[in-house]
Amino acid sequence: MLSEDTSLHGGSRWSRVKSDFSSDNRYKAVRDSERREELFKRHTEELMDEKEQKRYREKEHKRQQERDKQERVAASLKERARQVEAARSAFDRELVKERDMHFREEATHTLKALLADLIKDPDMSWEEARSTLKKDRRWESTDPLEERDKEKAFKSHCGELMSRKRAQFTKLLDEVSTLTLTSTWKEIKKRIKTDPRYEKMSSSDSRRKEEFQRYMKDKLTEAKLNFRQLLHETRVITHKSRQLCDKSEQHWKEIADILKNDKRYLVLESMPEDREDIIHVHMRDLERRGPPPPPTASEPSERLGRRR
């Protein structure tokens, strides 16, 4: 088809002449447009002499370089546009994130103010509290918070309320001079029920009783720990004390005379049997361990160094 066209020469351009062949079935037989152009270029190169072919190749090389340059520029511009769009998207996401965080902080402050103003009873349920809070126009401002976050804030508020009430109730019990480690709720209740801190603790008497029992349990645990520490500090009690007490009451009296000068002993006055049991357990432990290890060889020189 190309050979039949005598008007073609080495400088012919495919873009200018391809429309002349478009109706020819042989043109249509080659379906790929790039393949058609390649066959055309090969044919026109054959029509050129050596010099023309060299000039043509040089021109084609320059054209290809220019096309490559334009493609690189276009690709660079496209990549730059992509980077700018990505940076803008990241900025927009960060802006939305900061805005949402600001709204959440504002909502959290509003919710805390609502809880402080309206929720005074730490025994109130979340359902009861929510019904109360919804009646306040500020409740709508807490919409940025999820339900679980609101409930968590409520429970934290109730925990703080209870801690303050418990601290005041503990202080009230500490002020009862007649309270001992064996005091009962019935006895102590009579002495404190007129104090405002009694009512503020809880509207439930069973809850006040629970707090009293917790307080007594903590006091007893603390008293026993302190007494055991006192026994460790009392050097007259040794690994031989249990046997000496079995042989004679004199050693026991000697121990008691020393201990009774310490308030850690006296605080257990209302529980003499428990106190005595603790002493016996301590003596058995010392007996089981045996005599203490002898002083090390370095100890005399260390003491001498300290004297100097």
Selected from Ser177, Ser163, Ser15 as most flexible by GNM, with the chain as the system and alpha-carbon contacts under 10 Å:
Ser15
Once you list every other residue whose beta carbon is under 15 Å from the beta carbon of Lys247, what net charge do they have if Lys and Arg are +1 and Asp and Glu are -1?
-1
For the residue pair Thr132 and Arg13, what label-to-label distance in nm results when each label sits 7 Å from Cα along the Cα-to-beta-carbon direction?
8.7 nm
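Count the net charge of all other residues whose Cβ sits under 11 Å from the Cβ of Leu179, scoring Lys and Arg as +1 and Asp and Glu as -1. Let's see the in-between values first.
Working: positive: Arg191, Lys219; negative: Asp174, Glu175, Glu187.
Neighbourhood net charge equals -1.
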Distance from the Cα centre of the range 262-293 to that of the range 157-201, in angstrom?
31 Å
So what is log10(I(q)/I(0)) for the chain at q = 0.08, 0.10, 0.11, 0.12 1/Å, when the Debye sum runs over its Cα atoms only?
-0.74, -0.91, -0.95, -0.99
In nm, to one decimal, how far is the modelled label at Asp195 from the one at Ser76, with both set 7 Å along Cα→Cβ?
8.3 nm
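Give me the percent of accessible area attributable to carbon and sulfur for the chain, probe 1.4 angstrom. Let's see the in-between values first.
Details: 10870 of 22470 Å².
Solvent-exposed carbon and sulfur of the chain make up 48 percent of the total.
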Using a 1.4 Å probe on heavy atoms of the protein chains only, the accessible area for Thr238 in Å², nearest 10, reads 50 Å²
For the range 122-259, treating each Cα as an identical point scatterer without solvent, what Debye log10 I(q)/I(0) comes out at q = 0.09, 0.21 1/Å?
-0.52, -1.17
Accessible area per residue, Å², the chain with all protein chains present, probe 1.4 Å:
73 Å²
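How big is the charge dipole of the chain about its Cα centre, in debye rounded to the nearest 20, if each Lys and Arg gets +1 on its Cβ and each Asp and Glu gets -1 on its Cβ?
Numbers: 74 positive and 64 negative charges, 167 e Å.
For the chain, the charge dipole is close to 800 debye.
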What GluC sites (Glu not before Pro) does the range 60-90 have in DSSP loop regions with at most 12 other beta carbons within 10 Å?
none
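So for Asp246, Asp121, Asp262, what's the accessible-area order with a 1.4 Å probe, most first?
Working: Asp246 110, Asp121 55, Asp262 35 Å².
Largest to smallest exposure gives the sequence Asp246, Asp121, Asp262.
Ranked by accessible surface with a 1.4 Å probe, highest first, in what order do Lys240, Lys18 come? Please list the in-between numbers first.
On the way: Lys240 115, Lys18 85 Å².
I get Lys240, Lys18, largest accessible area first.
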Sorted by accessible area with a 1.4 angstrom probe, largest first, how do Leu95, Leu118 fall?
Leu95, Leu118
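For the chain, what does the relative contact order come out to in percent, with C-alpha contacts under 8 Å and a separation of six or more?
11 percent
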State the extension gain, in nm to one decimal, for the chain segment bounded by Arg26 and Lys247, taking 0.36 nm per residue of separation less the distance between their alpha-carbons.
66.5 nm
Anyone know which of Glu58, Glu98, Glu128 comes out most mobile in the 10 Å Cα GNM of the chain?
Glu58
Fluctuation leader among Ser270, Ser203, Ser248 - the chain, Gaussian network, Cα springs under 10 angstrom
Ser248
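When only Cα pairs under 8 Å and 6 or more residues apart are kept, what is the percent relative contact order across the range 189-269? Kindly include the intermediate steps, with their values, before the conclusion.
Numbers: 24 pairs, mean separation 20.2, N = 81.
Once divided by the residue count of the range 189-269, the mean separation gives 25 percent.
The values are calculated or read from the model by the stated rules, or taken from the named source; none is laboratory data. For clarity, every value in this text was computed on a predicted model and none was experimentally measured. Note: ideal-geometry Cβ built from the backbone for every residue, glycine included; neighbour counts use all protein chains shown. Ligands, DNA and RNA are stripped out before the accessible areas are found, and what is left, the full protein with its side chains, is counted by its heavy atoms. Shrake-Rupley method; radii C 1.70, N 1.55, O 1.52, S 1.80 Å.
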